[in-house]
1. Go through 160, 132 for me and flag whichever is in a helix (DSSP H, G or I) and either over 23 Å from residue 31 (Cβ atoms) or at pLDDT 90 or above (or both).
2. Given the condition assigned to a loop (DSSP other than H, G, I, E, B), open to solvent by less than 30 Å² (accessible area, probe 1.4 Å) and of a type in the set (Gly, Ala, Ser), answer yes or no: does some residue in region 35-50 qualify?
3. Scan 127, 122 and give me the residue that is out of contact with any Phe, Trp or Tyr (no Cβ under 7 Å at 6 or more places or on another chain) and not in a loop (DSSP other than H, G, I, E, B).
4. Which residue is surrounded by the most Cβ atoms within 10 Å (Cβ to Cβ), if the candidates are limited to region 106-121 and must be under 15 Å from residue 6 (Cα atoms) and not aliphatic (A, V, I, L, M)?
Amino acid sequence: MRRRNIILGLRDGAPIALGYFAVAFSLGIIAKQAGLTAAIGFVSSFFTRASAGEYGVYTLVAAQAAYVEIVAMCLVANLRYMLMSAALSQKIAPGTSWFHRVLMACCVTDEVFGISIARQPYCPPAYTYSAALISTLFWASGCAAGIIAGGMLPTHIVAALSVALYGMFLAIIMPPARSDRYVLYAMVASFVLSGACSIAPVVGHWSSGTRTIILTMLISAVAAWLKPIKIEEAHG
């Protein structure tokens with residue numbers, strides 16, 4: 001069973017990995033401008049795995065910002081992963097060791113969370129590990145490749161490649177939305193409110209990570225109030 005979960009994780013993580021490579025490649029070009037080497041870019045991307053967080057880090061490195069500023073910015077930009085980890089903990093089978101729970105939380109990215117939370121009835125650790133491994137390797141390799149390329153490719157071509165990642169994420173969330181209208185309502189509300197908040201007078205000046213955290217808590221709270229999921233329904 002563990003071997004099967006590993007194979008499934010690698011299979012489902014492969015499309016994520018390809019999308020990650022394109023996005024990380026563009027980040028590598030930014031990292032090159034900040035003076036990072038390919039080896040440093042690989043290591044930093046391997047342990048960060050967040051486009052907004054890494055973009056902010058590389059921008060601050062280029063501006064020679066203080067370490068405390070870099071750490072604070074990266075923490076705020078990636079704070080949403082705490083919410084995702086908390087949600088994923090509800091999909092872990094009872095009796096799973098504390099070590100596996102913490103390690104699975106460290107594997108969380110937007111897309112890895114999406115495929116892990118969709119596993120029924122529980123998400124086995126081996127599945128998340130293998131999906132995170134292949135996607136992380138491609139993410140780190142993409143950043144290193146972007147640094148080596150050093151901006152040889154036109155920026156608009158790299159940006160066009162990055163669109164594939166958003167299409168892949170839609171492919172993850174669309175099946176549950178088609179089978180449950182409440183999930184569809186929550187998804188549409190997240191799109192509309194996210195766009196509205198980005199141009200709102202006050203909220204629009206907040207960081208994207210802060211807006212994401214607040215909207216996630218509000219929309220999920222309303223969805224849970226309107227359509228609570230019983231324990232036997234969630235795990236049966």
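The values are calculated or read from the model by the stated rules, or taken from the named source; none is laboratory data. Being a predicted model, the structure only gives us computed values, none of them experimental. Here the Cβ positions follow ideal geometry from the backbone for every residue, glycine too, while neighbour counts run over all protein chains shown. Heads up: the accessible areas ignore ligands, DNA and RNA and are worked out on the full protein's heavy atoms, side chains in. Shrake-Rupley method; radii C 1.70, N 1.55, O 1.52, S 1.80 Å.
1. On the way: 160 fails: either over 23 Å from residue 31 (Cβ atoms) or at pLDDT 90 or above (or both).
Every option except 132 fails the conditions.
2. Scanning region 35-50, I find at least one residue that is assigned to a loop (DSSP other than H, G, I, E, B), open to solvent by less than 30 Å² (accessible area, probe 1.4 Å) and of a type in the set (Gly, Ala, Ser), so the answer is yes.
3. Answer to the check: 127.
4. The residue in question is 116.
For (1) over 16 Å from the mean Cα position of the chain (by Cα); (2) without any contact (Cβ under 8 Å) to a residue 40 or more places away in the chain; (3) surrounded by 13 or more Cβ atoms within 10 Å (Cβ to Cβ), each residue gets a yes or a no:
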position: 19; (1), (2), (3): no, no, yes
position: 29; (1), (2), (3): yes, no, yes
position: 73; (1), (2), (3): yes, yes, yes
position: 98; (1), (2), (3): yes, yes, no
position: 104; (1), (2), (3): no, yes, yes
